[in-house]
Amino acid sequence: MTTFRTWDGLELNYRVWEGEGIPVVLQHGVVADTNANWMATGVVGALRAAGHTVVSLDARGHGRSAKPHDPARYSWAGMARDVSALYDELGFDDVVQVGYSMGAIISLLVAGADERVRKLAVGGIGSGVLDCGVDRRVIDIDDLRAAMRGDGAGTPPIAMMFRILADAVRADRDAIEAVATGLDDEPIKTLAAITMPSLVLAGDKDPFAAEPDRLAAALPDATLRIVPGDHLMAVVDPSFHAALVEFVA
């Protein structure tokens, strides 16, 4: 595990597993971190078994990275700049960018702005990206913020899912509340610029990945793969790993 200072001075943590070929850069979902989203689920293991160089970034506010409690330190554009800053730090000229949930939205923004992204894979998102950014049709951001306070009692089950995850990974709940406050809910308007080969991975029971065919259709060169599972379990399924490894190769 290594740290670097990103564009606004925050110290972010990343991990590298050396292998061959174009590096595969992973960006996790909200509340999670490198271990919870990619290592414990078997994604890193599958990519390493296929011989790939793998890099995973703990997003600001998460994992072992800096966790400011000021919502002004969090924005989609800023978190996308963190990923590009990591490319700079490691001297990457070409990458395969992979993101899940929050990390998928960040990865879309990176791919639309950074020509070093040669392939893009996103999971845990669907038509919400086109209609409302963060899919407030599934979770109210006020409920997510409330779930991070006290014991989270009284919040809807979908928000409590993230509270349970936060406690499991020992997240800084004040930082997660700041993340939820700072990230806007504007639809992404740069999808037409994402012309590299792309893969959309969606769990068949994932409410956050509703209508993934609409997202795939909005990307100029995308393939859609449906895998078993809800928002937390789709990324664990071996078919998710197999589809990602096949696409990266």
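The values are calculated or read from the model by the stated rules, or taken from the named source; none is laboratory data. Keep in mind that what you see is a predicted model, and the values were worked out from it rather than measured. Positions of Cβ are backbone-derived with ideal geometry, glycine not excepted, and every protein chain shown enters the neighbour counts. Calculation scope for accessible area: heavy atoms of the full protein, side chains included, ligands and nucleic acids excluded. Shrake-Rupley method; radii C 1.70, N 1.55, O 1.52, S 1.80 Å.
State all residues of region 4-44 that are without any contact (Cβ under 8 Å) to a residue 60 or more places away in the chain and closer than 13 Å to residue 65 by Cα; if no residue qualifies, say none.
Across region 4-44, the qualifying residues are 5, 9, 11, 13, 15, 34.
Looking at (1) open to solvent by less than 10 Å² (accessible area, probe 1.4 Å); (2) not in a strand (DSSP E or B), which is the one condition that is false for residue 7?
(1)
Please enumerate the residues belonging to region 184-211 that are open to solvent by less than 20 Å² (accessible area, probe 1.4 Å), within 24 Å of residue 36 (Cα to Cα) and out of contact with any Asp or Glu (no Cβ under 7 Å at 6 or more places or on another chain).
Selection gives 199, 200, 201, 202, 209.
Checking residue 60 against (1) assigned to a strand (DSSP E or B); (2) crowded, with 23+ Cβ neighbours inside 10 Å, which test does it fail?
The failed condition is (1).
Taking the condition of being in a loop (DSSP other than H, G, I, E, B) and hydrophobic (A, V, I, L, M, F, W, C), how many residues in region 114-130 meet it? Can you show your working first?
Step one: list which residues in region 114-130 are in a loop (DSSP other than H, G, I, E, B), which gives 114-116, 124-127.
From what is left, the residues that are hydrophobic (A, V, I, L, M, F, W, C) are 125.
Number of matching residues: 1.
Does residue 93 qualify as being modelled with pLDDT of 95 or more, among the acidic types (Asp, Glu), surrounded by fewer than 24 Cβ atoms within 10 Å (Cβ to Cβ) and within 21 Å of residue 247 (Cα to Cα)? Reasoning before the result, please.
On the way: modelled with pLDDT of 95 or more: yes; among the acidic types (Asp, Glu): yes; surrounded by fewer than 24 Cβ atoms within 10 Å (Cβ to Cβ): yes; within 21 Å of residue 247 (Cα to Cα): yes.
Judged against the criteria, residue 93 is a match.
Mind listing just one residue for me: the one in region 236-249 that is open to solvent by 70 Å² or more (accessible area, probe 1.4 Å) and at pLDDT 95 or above and, of those, farthest from residue 118 (Cα to Cα)?
Step one: of region 236-249, the residues open to solvent by 70 Å² or more (accessible area, probe 1.4 Å) are 238, 246, 249.
Narrowing the set further to residues that are at pLDDT 95 or above leaves 238, 246.
Details: 238: 24, 246: 15 Å.
The extreme case among them is 238.
Just one of 104, 111 is touching a Gly at 6+ places or on another chain (Cβ under 7 Å), part of a helix (DSSP H, G or I), in contact (Cβ under 8 Å) with a residue 60 or more places away in the chain and crowded, with 17+ Cβ neighbours inside 10 Å; which is it? Steps first, please.
Working: 111 fails: touching a Gly at 6+ places or on another chain (Cβ under 7 Å).
Testing whether each residue is touching a Gly at 6+ places or on another chain (Cβ under 7 Å), part of a helix (DSSP H, G or I), in contact (Cβ under 8 Å) with a residue 60 or more places away in the chain and crowded, with 17+ Cβ neighbours inside 10 Å leaves just 104.
Scanning for something open to solvent by 30 Å² or more (accessible area, probe 1.4 Å), more than 24 Å from residue 54 (Cα to Cα), without any contact (Cβ under 8 Å) to a residue 60 or more places away in the chain and part of a helix (DSSP H, G or I), does region 216-235 turn up at least one residue? Please lay out each step first, then the result.
Just the residues of region 216-235 that are open to solvent by 30 Å² or more (accessible area, probe 1.4 Å), to begin with: 217-218, 220-226, 228, 230, 232-233.
Adding the requirement that they be more than 24 Å from residue 54 (Cα to Cα) leaves 217-218, 220, 228, 230.
Among the residues that remain, those that are also without any contact (Cβ under 8 Å) to a residue 60 or more places away in the chain are: 217, 220, 228, 230.
Filter once more, keeping what is part of a helix (DSSP H, G or I): 217.
The answer is yes; a qualifying residue exists.
Could you say whether any residue in region 12-30 is at pLDDT 95 or above, closer than 22 Å to residue 114 by Cα, touching a helix residue (DSSP H, G or I) at 6+ places or on another chain (Cβ under 7 Å) and hydroxyl-bearing (Ser, Thr, Tyr)?
Yes.
Looking only at region 117-141, how many residues end up being within 17 Å of residue 179 (Cβ to Cβ), at pLDDT 95 or above and of a type outside the set (Val, Ile, Thr)?
Final tally of qualifying residues: 1.
With out of contact with any Lys or Arg (no Cβ under 9 Å at 6 or more places or on another chain), surrounded by fewer than 24 Cβ atoms within 10 Å (Cβ to Cβ) and either touching a residue at least 24 places away in the same chain (Cβ under 8 Å) or in a helix (DSSP H, G or I) (or both) as the only criterion, which of 133, 78, 99 stands out?
On the way: 78 fails: out of contact with any Lys or Arg (no Cβ under 9 Å at 6 or more places or on another chain); 99 fails: surrounded by fewer than 24 Cβ atoms within 10 Å (Cβ to Cβ).
On inspection, the qualifying residue turns out to be 133.
Any residue at all in region 166-186 that's assigned to a helix (DSSP H, G or I), over 29 Å from residue 24 (Cβ atoms) and either free of Cβ contacts under 8 Å to residues at least 12 places away in the same chain or touching a Cys at 6+ places or on another chain (Cβ under 6 Å) (or both)?
yes
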